[in-house]
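Engineer: Structure provided below as C-alpha cells; questions to follow.
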Amino acid sequence: MHRDAPHPPFTPAPSMRADPPADLAVAAMLAGADGPQQLAERIAAVNRELARWDSNGALAHWQPGPGLDPRAAAALNDYLAACRALPGWADPERIARAEGLFMDMSMLSCTLLFCASLPECYVLPDLSAVLHAAGQLEAHTDYRVRSTAAMIFPVMLAGGMTASQGAGVAQALKVRLIHATIRHLILRGSPDDSLGAGPVRPLLPAGGGIYHTLYAHGWNTAQSGLPCNQEELAYTLLTFHYVFLRSLRKLGLGLARRDEEDYLHAWNVLGHLLGIERSLMPDTMAQAQQAFHDIQARGRELVRAPDPRPALAAALMGAMEGEIALRLFKPFPTLLTRYLCGRDASADLGLNRRQPLSSRLVFAGGLALVRATDAVVRLAVPGFSISRMLTRAFGYRLVTRFLMDQTRPLRLPDALLGQVRDALGQWRHDPRAPRWLGRLEARLAGHGEAAAASGSADVDADKRAA
C-alpha cells in the first residue's frame, strides 16, 4: 500500500447536501438583512421581481427593475444564467408523451395527489417538521395543495418545459428559490456555515407570518440533516412520479413500461430544474421503488417528539371528508389512502385507527367488485374502467373545491391560468368512457352544480368589474 496515495474526496450524505446555485443566490439577495423583519422585506421585494417570470421566454429577456437591490439583481441574473437551461439528457419527445399521459389521466391525477402523493410526502419526519413549522398543512391545507398545483400544471401542460410560451421552467426556478429561502431562514445563514456548527436555537417569534416562524423555529443539522436537503428533494420527486404510477397499478390502471419511463423522464427533467442531483433520479420503476423504500427506511430511524405527521395527515383527510355529504362514505379518503400507501405509511401518518365497520365493508367490497368488473368488461370493451370513473368523479370534486374556486384563483400568470382553465374544462368529459358511464360520472362529480357555481362567480366578477 502506498502511504502517499491521495485520499478520495469526502462526499457528504445526500441529507447533508443542499443546492449551491440557489443557496448562493439567496445568500447574496439577503446579504445585510438583519433579523426576520428585514429578511421578510427583502424577500417581498425579490418576490415582486419573480412575478415577472411569467413564461420560459421571459427568463431570457428579464432585466431587474430599478427598485431592486443591486446585490439581489446580480444574484438573480447569475442564477438564471446557471440554472434555466434544460439538461443535455432531456428528450423533448419523451416529455411530450408524458404531457399527453398527464392530460389523459386528468381528474384522476387530483385524487392520487390527495390520497397518495401528498400523504407519502409527509412520511419523512424532517420533511414534515418543516411544513409543520410553517403551519402549511394543518392551518392551510388548501394553500399547500394549491401551491403544488401551481407547479404541476405549468410543468405538465403541453410545452410546459420545452416551449417559450410555456411556464414550467419559470415556475420550477421560483420553487427552487423558495426551497433555498426556507433553508436560509431556518438555518439563519447559508447551509455551508451550518455544517459542523452547533444547533440553531429556537427563538420566540418576533412577529406573525411564515418568515418569522421559520426564522424562530430552530434546527439541529447534525441530527436532522439540512432542511430541504437533496435526499428530501429527491424523495418528494418520487412521490409525484413513482407514487403516482404505483397508485395507477394498484387501481388496475397501470401504464405500459415505456409510458411509465417517459413519465419518470419528464419529472426527472423537472428535478434537474429544481436542483436535484442526477444521481438521485431513477430511470425505471424498479430503481424508483428501491430508492423510495431506502429513503423511507432511513427516515423512520429518526424519532421526533412530538411527531408532526399525524396532525398533517389528519388535516389532509379532513379536507377531503368535507367534500363528502354521506356519513357512510366520509371514511373513504382515509381508506383509499391506506390502500394506496400501505400499512407502514398509514401507521406513520396515524391513519391506521379503526374506521366504522360499515364503511370498511362497503369500501372493500366495492373495490373488489370494481376491479373484477373492470377486468371482465375490458375483454370486450378495451379501456372500460369503473375505477377510472370513480376516481375521476372524486378528483373533479376536489379540483372544484381547491383549484377552480373563482374567488381564489391559482396564483399563475393570466395566460397560463387560461390554459389551466381550458385543460380543466376538457377534463370534465372522459373521451375513453362510454356515454352512459360519462353521465354517471357527471352525476357523481356534480358537474352541473360546479358549473352553476362557477357561472355565478363569473357573473359576480363581471359586476364588480363594471
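Bear in mind these aren't lab numbers, they're just calculated from the coordinates by the rules spelled out. Keep in mind the model is a prediction, meaning the values are calculated, not measured. Note that each Cβ is placed from the backbone with ideal geometry, even for glycine, and that neighbours are counted across all protein chains shown.
Engineer: Specify whether the C-alpha gyration tensor of the chain places it in the rounded, prolate or oblate class, a ≥ b ≥ c being the square roots of the eigenvalues: rounded for a/c under 1.5, otherwise prolate if a/b is larger than b/c and oblate if not. Let's see the in-between values first.
Structural biologist: Numbers: a/c = 1.56, a/b = 1.37, b/c = 1.14.
Verdict is prolate for the chain.
Engineer: A further question on this structure: Quick one: net charge of Leu274's neighbours, Cβ under 9 Å, K/R +1, D/E -1? Display every interim value, and only then the final one.
Structural biologist: Numbers: positive: Arg176; negative: Asp19.
Net local charge, Leu274 excluded: 0.
Engineer: Now for a separate question. Give the shape of region 313-411 as rounded, prolate or oblate, defined through the alpha-carbon gyration tensor: a ≥ b ≥ c are the square roots of its eigenvalues, a/c under 1.5 means rounded, and otherwise the shape is prolate if a/b is larger than b/c and oblate if not. Intermediate values should be presented prior to the final figure.
Structural biologist: On the way: a/c = 1.97, a/b = 1.16, b/c = 1.70.
Oblate, because a/c is 1.5 or more while a/b does not exceed b/c.
Engineer: If I model a spin label as a point 7 Å beyond the Cα along the Cα-Cβ vector, how far apart are those points for Leu440 and Ala163 in nm?
Structural biologist: 3.6
Engineer: Between Leu361 and Arg278, what's the calculated FRET efficiency when r is the beta-carbon distance and R0 is 51 Å? Round to 0.05.
Structural biologist: 0.60
Engineer: Related question: Could you tell me how far the Cα centroid of region 307-330 sits from the Cα centroid of region 74-111, in Å?
Structural biologist: Here the two parts' Cα centres lie 31 Å apart.
Engineer: Mind giving me the FRET efficiency for Leu195 and Ala33? R0 is 22 Å, r the Cβ-Cβ distance, nearest 0.05 is fine. Walk me through the numbers before you get to the answer.
Structural biologist: Values: r = 22 Å, r/R0 = 1.00.
Taking R0 as 22 Å, the efficiency between Leu195 and Ala33 is 0.50.
Engineer: Summing Lys, Arg as +1 and Asp, Glu as -1, what charge do residues with Cβ under 15 Å from the Cβ of Val169 carry, Val169 excluded? Show your work: numbers first, answer last.
Structural biologist: Working: positive: Arg52, Arg84, Lys174, Arg176; negative: Asp54, Glu99.
That sum, taken over residues with Cβ under 15 Å, equals +2.
Engineer: Hey, what angle do you get for helix 309-321 against the long axis of the chain, alpha-carbon based, 0 to 90 degrees rounded to 10?
Structural biologist: Long axis of 309-321 versus the principal axis of the chain: about 40 degrees.
Engineer: Given a Förster distance of 25 Å, report the FRET efficiency between Ala380 and Arg258 from their Cβ-Cβ distance, rounded to the nearest 0.05. Before the final figure, lay out each step's value.
Structural biologist: Values: r = 26 Å, r/R0 = 1.03.
The value I calculate is 0.45.
Engineer: Using Cα pairs under 8 angstrom and six or more residues apart, how large is the relative contact order of region 15-300, in percent?
Structural biologist: Working: 370 pairs, mean separation 80.3, N = 286.
Answer for region 15-300 is 28 percent.
Engineer: Please list 3J(HN,Hα) in residue order for region 72-86, calculated via the Karplus relation 6.51 cos²θ - 1.76 cosθ + 1.60 where θ = phi - 60°; whole Hz, with x for glycine and proline.
Structural biologist: With coefficients 6.51, -1.76 and 1.60, one gets 5, 4, 5, 5, 5, 4, 5, 4, 4, 4, 8, 10, 7, 7, 5 Hz.
Engineer: Then there's this: Give me the distance in nm between label points sitting 7 Å out from Cα along the Cα-to-Cβ direction at Glu301 and Trp89, one decimal.
Structural biologist: Computed distance between label sites Glu301 and Trp89 equals 2.6 nm.
Engineer: Ranked highest first by average number of other Cβ atoms within 10 Å, how do 176-182, 188-194, 364-370 line up?
Structural biologist: Descending mean neighbour count gives 176-182, 188-194, 364-370.
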